[in-house]
Amino acid sequence: MKKVLIAINFDEGLFNFRKELIEALVAASYEVHIALPDGEYISRLKQMGCIFHETAFRRRGKNPFQECRLIARYGRILKEVRPDVVLTYTIKPNLYMGMLCGILGIPYITTITGLGTAVEGTGLLQKLTQTMYRMAMRKAAVVFFQNTANEKLFTDRKIAPGRHRMLPGSGVNLEHFSYQEFPAEGPAEFLFISRVMKEKGIEQYLDAAEAVRKRYPDTVFRILGFLEDDYEGTERFRRMAEQGIVRFEGSVADVVPYIRNSQCTVHPSFYPEGMSNVCLESAACGRAVITTDRAGCRETVKDGETGFLVKERDSADLTEKILGFLEMPAEAREQMGRRGRAYMESCFDRRIVVKHYLDAVAEFTVQ
């Protein structure tokens, strides 16, 4: 039986966005190993047939001793499992596992799910990380990208040229995120679904909520997601929640019921994303999306047809687009969502993504 090892940084992301891939690999008689930190989704992944290799590390940690321990742990896993091919996601697995696989001669397929602040930019840390990527990707079999801006950066810096392939993000499960009937009655409701942090555009969302509710006081601005401990605007955020300007729900297990009750998802992120799953999932449910005109977000929206694009870090532009949406007839808002659903069906079905991976894995694991 051929072995596939998947290295990623957290269990929730693996389960939510790669579950269908794991199911397809198991169904195709691959032995699937996963290397990542322990978490609440590990038991479900084991039930699916995965063999778990605990790999403790801090996603944002920069302690060199901890990083060396992580590399050593990856090395032990590779020698123990002896995989036929390795799939890596997120920065540290991409870098460390990529370098080790290159040294050991193991085929590896890397996915760039967004470059993050450690790569984008021109500072010393960014230059160091880009150099490490060049080393780690030197012998990569395939490098998958989720947007053309990330691919261009790798192309410009001559990182793994000739082995680039494009994916429509992580895709979206169109069955779970099925079309939800549009709520024509009651006040309009907007959703912010993300970690509550500056880079995800929470401050622009708060600014817009304040401005819009002065004109349309019944409008609901709901927030789903984890409040980051280091978010500097926590005091203002909590005050606005207490005043009822926004409604904070915290992290939720299933966002679909909240999307069902909303009319539009607002995602004003300026974080370096591969492809926004928030936007894909909301559009799949038949909701208009207002998001940032930047790589990883703009691809999810046909501006003026399935939603609106706004300038980065621009509260006034975001407010204007939300007001414009509210001034549309209810039927036009609903049709915008329906067009978004059709767009997801034609271009972002997760089955498309799974097929790309299965084809790539098959190239290096002849049964």
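The values are calculated or read from the model by the stated rules, or taken from the named source; none is laboratory data. Fair warning: this is a prediction, and the values are worked out from it, not measured in the lab. Using ideal geometry, Cβ is built from the backbone for each residue, glycine included, and neighbour counts are taken over all protein chains shown. The accessibility values were calculated without ligands, DNA or RNA, using every heavy atom of the protein model including side chains. Shrake-Rupley method; radii C 1.70, N 1.55, O 1.52, S 1.80 Å.
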Legend entry - Hits among lysines - C-alpha to C-alpha of residue 158 under 21 Å, sequence gap 8 or more where chains match: 92, 127, 139
Inset, instruction - Output the direction-averaged projected area (hull surface divided by four) of the convex hull of the alpha-carbon atoms of the chain, in nm². - result: 17.9
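In deg cm²/dmol, rounded to 500, what helix-only [θ] at 222 nm does the chain give when every DSSP H run of at least 4 residues adds -39500 (n - 2.57) and the total is split over its residues?
It lands at -13000 deg cm²/dmol.
Apply the membrane-span-like helix rule to the chain: whole DSSP H runs, Cα extent along the own long axis of at least 15 Å, mean Kyte-Doolittle hydropathy at least -1.0. List the helices found. Walk me through the numbers on the way to the answer.
Numbers: long enough: 11-27 (22 Å, 0.18); 64-81 (26 Å, -0.18); 124-136 (18 Å, -0.08); 202-215 (20 Å, -0.74); 315-326 (16 Å, 0.64); 330-347 (26 Å, -1.29); 350-364 (22 Å, 0.19).
Qualifying helices: 11-27, 64-81, 124-136, 202-215, 315-326, 350-364.
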Legend entry - Alpha-carbon centroid distance for the pair segment 1-77 / segment 312-367, whole angstrom: 27
Legend entry - Residue-normalised accessible area of segment 12-106, expressed per residue, 1.4 Å probe, Å²: 48
Legend entry - Set of lysines with alpha-carbon distance to residue 302 below 21 Å, sequence-local pairs under 8 removed: 200, 311, 321
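Averaged over all directions, how much area does the convex hull of the C-alpha atoms of segment 253-367 cover when projected, in nm²?
Values: hull surface 35.0 nm².
Answer in nm², one decimal: 8.7.
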Legend entry - Per residue convex hull volume, Cα atoms of segment 1-111, in Å³: 90
Inset, instruction - With a cut-off of 18 Å, note down the residues of segment 173-188 whose backbone N falls inside the zone around a label point 7 Å from the Cα of residue 323 toward its beta carbon. - result: 188
Inset, instruction - Can you work out the accessible area per residue across segment 134-190, with the rest of the protein chains kept in place, probe 1.4 Å, in square angstrom? - result: 48
Inset, instruction - Between 66, 263, 243, find the one with the highest GNM mean-square fluctuation for the chain; connect C-alpha pairs within less than 10 Å. - result: 243
Legend entry - Accessible area in the full protein assembly, largest first, 1.4 Å probe, for 65, 144, 248: 65, 248, 144
